Amino acid sequence: QQQVKQSPQSLIVQKGGIPIINCAYENTAFDYFPWYQQFPGKGPALLIAIRPDVSEKKEGRFTISFNKSAKQFSLHIMDSQPGDSATYFCAVSREKLTFGTGTRLTIIP
Amino acid sequence: NAGVTQTPKFQVLKTGQSMTLQCAQDMNHEYMSWYRQDPGMGLRLIHYSVGAGITDQGEVPNGYNVSRSTTEDFPLRLLSAAPSQTSVYFCASSLGTGGGEAFFGQGTRLTVV
């Protein structure tokens, strides 16, 4: 039973565009919602995270939007660059970190 | 400043063989975990540990054993390798349980033939 559903599976965006990746969860007990970025051949690395007491968090070009009532959260990348091409994972956590299935993002020049 | 170190980076096993994937962290983190990554399935939790001497099962524990005798080390043992265990394995550590940044190793790519 998948605890977090992530979409889309893959995404191609032109440089400067704003890719949006979405995640939905079921369990209202989750209290930490991170996004991880993974480059080929590397382990995932924390990109940005949010707690359920806020609706939005920005760090540089990356923004998490959080909708507690809808049990959804999303990642927006402003002014996307080819260097942002990677696989992105959302995750949910209470005591254990559970990941979505990932989104392969490609930014074309 | 090593962080989380996994060895080996690559391994080929024959069906039925056993092996241990090593994981060590130098950040004095209490929480450590093992994930496997398969195409289209994200990262799935195999086993985790909240401290030395304490381990618990994750989402996909069958065929794997773990132990945690020290804070630094968290080895993953494959008892009798099967082709279904062909995957990329990641070890991670974090300061607390779940709600904080997890640091991942570089991964071990395992092929079972």
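Values quoted throughout were computed directly from the atomic coordinates according to the rules given, and no laboratory measurement underlies them. Model, not experiment: these values are computed from the prediction. Ideal geometry is used to build each Cβ from the backbone, glycine not excepted, and the neighbour counts take in all protein chains shown.
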- request: Over the whole of A:97-107, what's the average partner chain Cβ count within 10 Å per residue? Rounded to a whole number, please.
  value: 4
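Looking at chain B from every direction and averaging, what is the projected area of its Cα convex hull in nm²? Provide the component values of the computation, followed by the final result.
Details: hull surface 25.8 nm².
Over all viewing directions, chain B projects a mean Cα-hull area of 6.5 nm².
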- prompt: For the range B:14-55, rounded, prolate or oblate, judged on the Cα gyration tensor with a ≥ b ≥ c (square roots of eigenvalues), a/c < 1.5 rounded, else prolate if a/b > b/c?
  reply: oblate
message: Is the C-alpha gyration tensor of chain A telling us rounded, prolate or oblate? Criteria: a/c under 1.5 is rounded; beyond that, a/b larger than b/c is prolate, otherwise oblate.
response: prolate
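In the neighborhood of A:S93, defined by Cβ-to-Cβ distances under 13 Å, what is the net charge if each Lys or Arg adds +1 and each Asp or Glu adds -1?
Details: positive: A:R51, A:R94, A:K96; negative: A:D31, A:E95, B:E101.
Summing Lys and Arg as +1 and Asp and Glu as -1 gives 0.
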- prompt: Longest exposed-loop-site-free stretch of chain B, with trypsin sites (Lys or Arg not before Pro), DSSP loop and at most 16 other Cβ within 10 Å?
  reply: B:15-113
Mean Cα-pair separation over length for chain A, i.e. relative contact order, pairs under 8 Å, 6 or more apart, %: 37 percent
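Evaluate the charge dipole of chain A about its Cα centre and quote only its size in Debye, nearest 20, assuming +1 on the Cβ of each Lys and Arg and -1 on the Cβ of each Asp and Glu. Each step should come with its number before you reach the end.
On the way: 12 positive and 8 negative charges, 22 e Å.
Magnitude of the dipole: close to 100 debye.
Which number comes out as Rg/Rh for the range B:43-101 once both Rg and the Kirkwood Rh are worked out on C-alpha atoms? Walk me through the intermediate numbers first.
Working: Rg = 11.9 Å, Rh = 12.4 Å.
Over the Cα atoms of the range B:43-101, Rg/Rh equals 0.96.
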statement: Using alpha carbon centers only, the range B:76-113 is separated from the range A:64-84 by a whole-angstrom value of 27 Å
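Given the alpha-carbon gyration tensor of the protein assembly as shown, what are the semi-axes of its equivalent ellipsoid in whole angstrom, ordered largest first, with each equal to the square root of 5 times an eigenvalue? Intermediate results must be reported in sequence, preceding the final value.
Working: eigenvalues 176, 79, 50 Å².
Its equivalent ellipsoid spans semi-axes of 30, 20, 16 Å.
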task: Work out the length of the dipole vector of chain B about its Cα centre, built from +1 on the beta-carbon of each Lys and Arg and -1 on the beta-carbon of each Asp and Glu, and round it to the nearest 20 debye.
output: 460 debye
query: Taking K and R as +1 and D and E as -1, what net charge do the other residues with C-beta under 15 Å from the C-beta of A:P40 add up to?
result: +3
task: With r as the distance between the Cβ atoms of A:D53 and B:D38 and R0 = 30 Å, compute the FRET efficiency 1/(1 + (r/R0)^6) and round to 0.05.
output: 0.30
